[in-house]
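As structure tokens, the structure follows; a few thoughts come after it.
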Amino acid sequence: MSYAVCVLVGVALSLIARRLAPEPAVPHAWALSLIAMVGATAGAFVFEVPADLYGWTVGLAGEPMAAEAIGGRTVLGGLLGGWLAVEAGKRGLGIGRPTGDGFALPLAIGLACGRMGCFFRGCCAGKRAVGGEWWSGLAMLGHDGVPRFPAQLAEVAFHLSAGVVLFVLARRGALRHRRFAAYVALYAVFRAAIEELRGNPAVLLGLTYYQILAAPLFALAASTLVARSRADGASPAAERREPVITEA
């Protein structure tokens with residue numbers, strides 16, 4: 001129940017954030033939002049299936065996700081699925097311009113709230129503290145009563161910090177057309193790093209499934225960031241003439 005409440009709070013705060021930091025209007029905004037939601041939901045489940053089937057992930061306080069009736073979900077898979085779905089949708093709708101800026105700040109707030117839900121629920125737990133770890137002073141009791149690294153709260157801190165930066169950038173009109181890509185690229189790097197402090201097993205070359213999954217997400221975001229940086233440098237005046245959305 002607490003997880004669902006956190007998700008609902010995240011949705012509400014995301015809508016408020018969209019109003020406080022409006023973005024230039026994009027065609028078919030509601031259609032793209034729906035496409036992103038469907039793609040993200042599908043990706044979150046589909047990309048998690050291998051981890052659930054082969055035990056590459058842990059669930060509530062370190063227990064296998066097999067205990068979940070409908071399996072787990074992965075944020076990395078959700079981001080990949082949502083991004084790919086939007087790109088496909090843009091082609092179908094004939095949209096050739098960048099549209100990600102409007103999703104960046106709401107996404108950061110939504111993910112922060114979602115991870116708070118994970119913390120209250122006990123899923124996505126960090127490693128057990130057995131003594132001597134550099135992070136042992138940060139350990140908190142998990143739902144199993146064992147001191148663990150608060151991986152969920154670390155992600156909350158990341159997304160909230162990113163949200164503050166994204167809000168400032170949006171209000172100043174800075175890094176236009178690149179904010180979403182920059183945020184996702186940084187999150188992919190952060191997630192790959194934080195995996196070292198989570199309880200997920202290594203599956204290939206000493207890497208966890210989620211570190212492997214973070215690689216294509218980073219490649220997609222980083223390549224988009226570079227391409228947009230090159231393209232946007234050629235037409236700064238056109239950006240300043242774009243209309244601004246006054247409501248979400």
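Quick note: the coordinates plus some simple rules give every number you see, no bench work behind them. All values derive from a computational prediction rather than experimental measurement. Heads up, the Cβs are rebuilt from the backbone with ideal geometry, glycines too, and the neighbour counts pull from every protein chain shown.
Residue-wise HN-Hα couplings along the range 181-198, as the Karplus relation 6.51 cos²θ - 1.76 cosθ + 1.60 with θ = phi - 60° gives them from phi, are 4, 5, 5, 5, 4, 5, 5, 4, 5, 4, 5, 4, 6, 5, 4, 5, 10, 9 Hz; Gly and Pro carry x. In terms of surrounding Cβ atoms within a 10 Å radius of their Cβ, Met140, Met116 rank from fewest to most as Met140, Met116. Pairs of alpha-carbon atoms within less than 8 angstrom and 6+ residues apart define the contacts here; what relative contact order does the chain have, in percent? This gives 26 percent for the chain. Reported to the nearest whole Å, the Cα centre-to-centre distance from the range 101-115 to the range 76-97 is 17. Look at Leu32, Leu93 and count the other Cβ atoms within 10 Å of each Cβ; fewest to most, that gives Leu93, Leu32.
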